[in-house]
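Remarks on the structure that follows.
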Amino acid sequence: MIQVIDLHEREVRAFPRDYFVTADGRSLIFPEVRNLSAFEIKDTADGVNLRVLGLIGYLPLTRDVALNLRPKFPTANLWHMLDVAEESFSTVLPTVRRYEADTQAPPHQLLARAFAYYVRGLLASGFVRSYVQERRHGYFQPKVSLGSTAARFWSRGDQINTVSDVFSFTSNVAANGLLKNACEHFLRVMPRNPQWQDDRRTLSAALDGLGRVTARDMGPGDLAIADQLPSRLRADYRGALTSYAILRGLAKLGFEYVAEGSELPSFLFCLDDIFEAYVRNSMRLGLREASLSVADGNKGRHQRPLFSDNRTYPVKPDLIFKSGQQVRAVGEVKYKNKIEETDRYQLISHTLALGAGLGIWFSPAPMPQAAGLEYVGSFAGKARFFHYRLDLSADIHQATAQMVEQVQQLVLV
C-alpha cells in the first residue's frame, strides 16, 4: 500500500531519512519527480525536511510514498483560476487517483485532458464489440419473424420480402454511442491552439473508429454501463465516461484525496504559472471596456531591449498595459508572500526601459487583512510603484473585480 501524505503548498514537513534514501545512500525518489524541481530536501539531525515548491496535485515520490498537495485557498477558487488562466493541463501523470465528490464543477479543459487520456488507452486496446440483435427487412434471412412478415408483406401480396431478427457482431453498442457523443462534445470545448493539437487528433481518430456507431446522449445512470464491459477495457471506458458525466453535471469532482469519489488521471498544477496567467487574463478581460490592452511580455513580439544602445538584454515583464501603442504601466506577478529585493529591481528596470510611468507588483495576500493596493514609492520622478495583494481565501470573483477597478484607476491617471 502506498502511504499518501497530505501537505499544503509550500509546507515544510519532517520525515525519517529512510523514506527517501536507502542504507547505502541511493535515492528512492523517482527520477521523473526529481526532474520536476518540485521540492527541496534538507538534511537535519533527526532526518530530512521536505518542502514542496508551488505545486499542487498528487505527486508519487517513491514506490511507497506519495504526496497529496492541496492549495491553501478553497477548491472552488482553484477551479475558477484554472478556468480564467486557460491553463493547458499539460502535466498529466500516468497514474489514476480518486477525487472526492463536490458541488463545485472543475473547468472544462481539465476534463477534456482527462477524457483524452482515457481515449488514448481505448485507441491502443480497441473499442468494445458485442453481439447485438437487429431487425432487418428484405429478402429471406435466418430467424424470420413470421408474425411481422405476414403483417408487413404477405398480407399485401409480397411473397418475397421478410422481416428477420439477426445477431450482428458490431461496435454499435451503448457504451460506444456514449463515447462518440462525448468525443463530439469535448472537441467543441477544446481550444484550437498548438498545445491541444495532440488531444484533438486523438478524439478525431476515435470518431473515425466510431463512424458506424450511433451517438447517444448520456443520462442519469448511464455511467453504470462501463461496469458491464470486458475487464481489459473497463477502466478506460469508466474513466472516459466519468469525465463526460462530470462535464454534463451528472457527477461532481473535488480536489482532496479520499477513499471514495471519481477516478481520473492525476494532474499537477504549478501555482506560480496559474496565478500569473490568472492575473493577466483577468486584467485583459476587465480593462477591455476602458480601451486598455494587456500584453504578455514573456512573448518575443512584446519584448523591448533593456538598454538604449544595444539589444543584448530584452525585458520580459509579465504584464504590459497599453493604450493603443503607448505603454502606460508594467506589472510583475509573484506567487509569494513577500516581494524580495531582486523582484523590486526587476520591475524598476522593466518600467524604465519601456518608458512607463507606473509599475505594479501583484501577489497573493498572506491574510485577508493585508489584501488591497499599497503605494511603495517613486523612482527619480519618472515612475510610481504600487503593490497589489489579491485575496484568494474568500470570494475570488469580488476580489478580482476590486483589483481590476483599482488598477484601472491607476493606469488611467
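The values are calculated or read from the model by the stated rules, or taken from the named source; none is laboratory data. Remember, it's a predicted structure, so these values are computed and weren't measured experimentally. We place every Cβ from the backbone using ideal geometry, glycine too, and count neighbours over all the protein chains shown.
Annotations
- Evaluation of ARG98 against the conditions (1) part of a strand (DSSP E or B); (2) more than 24 Å from ARG248 (Cα to Cα) shows that the sole unmet condition is (2).
A quick yes/no check of all residues on (1) over 23 Å from the mean Cα position of the chain (by Cα); (2) hydrophobic (A, V, I, L, M, F, W, C); (3) farther than 17 Å from LEU271 by Cβ; (4) not in a loop (DSSP other than H, G, I, E, B):
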| site | (1), (2), (3), (4) |
| --- | --- |
| VAL4 | no, yes, yes, yes |
| LEU7 | no, yes, no, yes |
| ARG10 | no, no, no, no |
| ALA14 | yes, yes, yes, yes |
| ASP18 | yes, no, yes, yes |
| GLY25 | yes, no, yes, no |
| ILE29 | yes, yes, yes, no |
| SER37 | no, no, no, no |
| GLU40 | yes, no, no, yes |
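- Looking at LEU67, LEU111, LEU82, just one residue is in contact with a strand residue (DSSP E or B) (Cβ under 9 Å, 6 or more places away or on another chain) and outside any helix (DSSP H, G or I), and that residue is LEU67.
- Filter pass, SER393 being assigned to a loop (DSSP other than H, G, I, E, B) and in contact (Cβ under 8 Å) with a residue 40 or more places away in the chain: yes
- Options ALA356, ALA371, ALA399, ALA383: the member that is at pLDDT 95 or above and either surrounded by fewer than 20 Cβ atoms within 10 Å (Cβ to Cβ) or not basic (Lys, Arg) (or both): ALA399
- One residue stands out in the range 164-185 among those that are of a type in the set (S, T, N, Q) and surrounded by 14 or more Cβ atoms within 10 Å (Cβ to Cβ): the one that is modelled with the lowest pLDDT, namely SER164.
- Matching residues in the range 230-250 - criterion: being among the hydrophobic types (A, V, I, L, M, F, W, C) and buried (at least 20 other Cβ atoms within 10 Å of the Cβ): ALA240, LEU241, ALA245, ILE246, LEU247
- Hits in the range 229-247 (condition: farther than 15 Å from GLY177 by Cα and free of Cβ contacts under 8 Å to residues at least 60 places away in the same chain): SER231, ARG234
- Some residue of the range 199-206 being of a type in the set (Ser, Thr, Tyr) and farther than 26 Å from THR91 by Cα: no
- Qualifying residue in the range 330-338 (condition: hydrophobic (A, V, I, L, M, F, W, C) and out of contact with any Asp or Glu (no Cβ under 9 Å at 6 or more places or on another chain)): no
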